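Engineer: Take a look at the following structure, please.
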Amino acid sequence: MSSIRELHRQLTHKERSAVEITQEALERIQALEPKLHSFLHVTADHALEQAQKVDAKIAAGEEISPLAGIPIGIKDNLCTRGIPTTCASRILENFVPPYESAVTEKLTAAGAVMVGKTNLDEFAMGSSTENSAFQVTANPWDLERVPGGSSGGSAAAVAGGECVVALGSDTGGSIRQPASLCGIVGMKPTYGLVSRYGLVAYASSLDQIGPFGRSVEDAAILLGAIAGHDPRDATSLKVSIPDYASTLKPDLKPRRKLKIGVIQETFGQGLDPIVEATVTKAVEQLQSLGAEIQVVSCPQFRYGLPTYYIIAPSEASANLARYDGVKYGFRTKDPDNLLSMYTETRAQGFGAEVKRRIMIGTYTLSAGYYDAYYLKAQKVRTLIKQDFEQAFGKVDILVCPTSPTTAFKAGDKTADPLSMYLTDLMTIPVNLAGLPAISLPCGFDDQGLPIGLQLIGNVLREDLLLEVAYCYEQSTSWHQRSPQL
Amino acid sequence: MIDREQVQKVAHLARLNLTSEEETQFTGQLSDILEYFEQLSELDTSEVAPTTRAIDMSNVSRPDQLQPCEDREIILESAPDRDGEFFKVPKIVNAE
């Protein structure tokens, strides 16, 4: 599918209607879903209704927003009123939210056309989307491989052209890692930039919603539409939102003094040599565009992973305590008593990885272990944050790979949870520090699998991050490649 | 690192009924994961303050104004079991 800007042009010039664009997306979904399994629910009727409203506006000569009539996929952990929201979990299989998330409310108001709810790792816990209770999503570049996770459905749908853009959520890399593995752009904004009202909570001190697109510009337009203060989310920042898309320029010359720091700890051991070589080339490209390159050190970077896998499960064990079979969702059949209703409902409703994280979190928060694990992790989190603060005293943007490898085969890492956790090595420290970061395509390996470049910005510097990403993208052609489906 | 008995205790705290196979599997996997966490002890954090939130914010308050609630009937209808205007749960008096 075309870019947002091109579709907007077609709509406003009345070359095509929103209904036609939506039908094209729905046909593509119908043709590709047997291969990709990106969507848990396709909302065709809802989409066509929304498209008709956009067409009526155009016919009435009203101005439409850039997202009006644009087919979009929504990760199925974002509540949509009257439309199932399952989090890819049996425990919410029949849940139909009575309210709408802040981000989908904004998108609906902008006229965006939701074509469906996308697959994810159950409750966004995972790095391959294999933890979905309902289906395994394929990577559009190689159907035997995973799309990454947890927002793998959104990434595969955008990469496969089933929709133009999509929303995901990123707690430890769940937008950037699948974007990298699927060869598209994915961005995690600063913690607090986007309201999480109506996002099903996983780890509240880390969760953030962000955009997927096939280009930096598309991601920038979507980010601009969902960002902004919301009193319904107490962590929401009161800041003005710049028009991200309008400031994108294809060269870095106005930013002649731009300094980019390469995080030295992210190179070397554990990094696939072809990823290392490709990202190194991308850094050279940034230099040739006019950036000054420095090597910077974040000595605590590698402690991000164990820190995250204490903090996130701890918060998850508390957040997921609400699934008790009382007020909504699944309840076990004919429980003997209240306690067995809880324990059986949760035993039958949750999948293995969710249980594992609830167990880890319950343990690390329990009496006698709290100081050794949870408090320790919170202190290391401070050190990781300080590393970034020091680095941003020297440079404007940090760069490193998004994922240590390209897409792996389905089933490769499911038997060993730790090996799966290690795939988030490069993305997790960013969440711990609350920083914005973007992944964008920077090449392919010898099997034709995409490689992602991660750019990390200082707090609330989404504008600069997008500018640099756009410059790099416009000087390469990686984003113009599409998978053969 | 963690034995089967501790796994059972944690499962009870988490209100999770684990099968015997799950207990075996989690005992092994959780031990590996907890061992992996041990690397954090390499860092001296005696003088470090904990971070509880990614971005520091002062107290967030708002006017205490009444807002209309979501449709009561829709909320009750979402429940697995209801009795008129009540959520229905198994008898709790005889529970442990």
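Engineer: What does DSSP give for the protein assembly as shown in terms of the percent of beta bridges that are antiparallel, rounded to the nearest 5?
Structural biologist: Bridges in the protein assembly as shown are about 65 percent antiparallel.
Engineer: How would you rank A:HIS479, A:HIS46, going from fewest to most other Cβ atoms within 10 Å of each one's own Cβ? Working shown, then result.
Structural biologist: Details: A:HIS479 22, A:HIS46 18.
In increasing order of surrounding Cβ atoms, one gets A:HIS46, A:HIS479.
Engineer: Using the C-alpha atoms of chain B, what convex hull volume per residue, in cubic angstrom, is computed?
Structural biologist: Spread over its residues, the Cα hull of chain B gives 261 Å³ apiece.
Engineer: Another one. Over all distinct Cα pairs, what is the inverse of the mean 1/r for the stretch A:305-370, reported as the Kirkwood hydrodynamic radius in Å?
Structural biologist: About 12.6 Å, per the Kirkwood formula over Cα pairs.
Engineer: Let me ask something else. Would you list A:SER317, A:SER204 from fewest to most Cβ contacts within 10 Å? Please list the in-between numbers first.
Structural biologist: Working: A:SER317 23, A:SER204 17.
Ascending number of Cβ neighbours within 10 Å: A:SER204, A:SER317.
Engineer: I've got another one for you. What distance in nm lies between label points placed 7 Å from Cα along the C-beta direction at B:GLN8 and A:LYS394?
Structural biologist: 5.4 nm
Engineer: Starting from one equal scatterer on each C-alpha and no solvent at all, send me the Debye-based log10 I(q)/I(0) for the stretch B:1-42 at q = 0.14, 0.31, 0.32 Å⁻¹, two decimals.
Structural biologist: Evaluating at q = 0.14, 0.31, 0.32 Å⁻¹ gives log10 I(q)/I(0) of -0.33, -1.04, -1.07.
Engineer: Three principal axis extents, largest first, for the C-alpha atoms of the stretch A:243-343, in Å?
Structural biologist: Result, largest extent first: 70, 39, 23 Å.
Engineer: Report the calculated FRET efficiency for B:GLN67 and A:VAL239 (r = Cβ-Cβ distance, R0 = 25 Å), to the nearest 0.05.
Structural biologist: Values: r = 24 Å, r/R0 = 0.97.
Working from the Cβ atoms, E equals 0.55.
Engineer: Give me A:PHE408, A:PHE350 ranked fewest to most by other Cβ atoms within 10 Å of their Cβ, as a rough exposure proxy.
Structural biologist: Ascending Cβ contact count within 10 Å gives the list A:PHE408, A:PHE350.
Engineer: Give me the mean projected area, in nm² to one decimal, of the convex hull enclosing the Cα positions of chain A. Write down the numbers at each step before the final one.
Structural biologist: Details: hull surface 88.0 nm².
Orientation-averaged projected area of the Cα hull: 22.0 nm².
Engineer: In deg cm²/dmol and to the nearest 500, what is the mean residue ellipticity at 222 nm of the protein assembly as shown if only DSSP H runs of at least 4 residues count, each as -39500 (n - 2.57), divided by the residue total?
Structural biologist: Details: 18 runs with 213 residues, N = 581.
Taken over the protein assembly as shown, the calculation gives -11500 deg cm²/dmol.
Engineer: Output wanted: per-residue J couplings in Hz (rounded whole) for the stretch A:311-326, from phi through Karplus 6.51 cos²θ - 1.76 cosθ + 1.60, θ = phi - 60°, x for Gly and Pro.
Structural biologist: Rounded to whole hertz, the list is 5, 5, x, 4, 5, 5, 4, 6, 4, 8, 5, 6, 7, 10, x, 9.
Engineer: Using modelled backbone amide H atoms (1.01 Å from N, in-plane), which distant-in-sequence or interchain residues come within less than 5 Å of A:VAL296's amide H?
Structural biologist: A:VAL262, A:ILE263, A:GLN264
Any read-out appearing in this document is the output of simple, stated calculations on the displayed coordinates, not a laboratory observation. Just so it is clear, the structure is predicted and the values come from calculations on it, not from any experiment. Virtual Cβ from ideal backbone geometry, glycine too; neighbours counted across all protein chains shown.
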